[in-house]
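Here the structure comes first, spelled out in structure tokens, and everything after it is commentary.
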Amino acid sequence: AVSVQLNTCLVQKYDPQMEDALRQWIQEVTGRVIPRNFMEGLKDGVILCELINILQPGSVPRINQPGLNWHKLENITSFIRAISDYGLKPHDIFEANDLFEDMNHTQVQCTLIALAGMVSFDLDYKRNCPTDLKSVA
């Protein structure tokens, strides 16, 4: 059901309401505050790496503090590798430049929806998945 939703998601525009639900979920899971500009807040990859490390401890052994662009890109790439290992299908995962170069925020959003959908099946984290995201799975 998640893949079907993602295929639909790809042809739709970026959903600000879903952004709010994703922001709430990520903030609840990580304890981090995401700035008003959601994608800009994720662009250095730090919060994304922290998120997957909470869902799957040790997934990203080293998170670079933002500074140089290659540190940010390395964080995003580490997150992508970790969510793939976590079980997301390749067609559900955004490419690093979709976020880093602002090329496809819709695909980034779809990946986060798919991740939240997977987490909603994990009893330990089900409470952290907003109702809006549970319906996606």
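The values are calculated or read from the model by the stated rules, or taken from the named source; none is laboratory data. Since the model is a prediction, treat every value here as computed from it, not as a measurement. Neighbour counts run over all protein chains shown; Cβ positions are idealised from the backbone, glycine included.
For residues in segment 66-107 being at pLDDT 95 or above, closer than 23 Å to residue 13 by Cα and of a type in the set (Asp, Glu), which is surrounded by the most Cβ atoms within 10 Å (Cβ to Cβ)?
98
Residues of segment 108-125 being assigned to a helix (DSSP H, G or I) and either under 15 Å from residue 21 (Cβ atoms) or modelled with pLDDT of 95 or more (or both), which ones?
108, 109, 110, 111, 112, 113, 114, 115, 116, 117, 119, listed by residue number.
Table: residues versus (1) of a type outside the set (Lys, Arg); (2) within 17 Å of residue 88 (Cβ to Cβ); (3) part of a helix (DSSP H, G or I); (4) modelled with pLDDT of 95 or more.
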residue	(1), (2), (3), (4)
17	yes, no, yes, no
26	yes, yes, yes, yes
33	yes, no, no, yes
36	no, no, no, no
40	yes, no, yes, yes
44	yes, no, no, yes
51	yes, yes, yes, yes
54	yes, yes, yes, yes
61	yes, no, no, yes
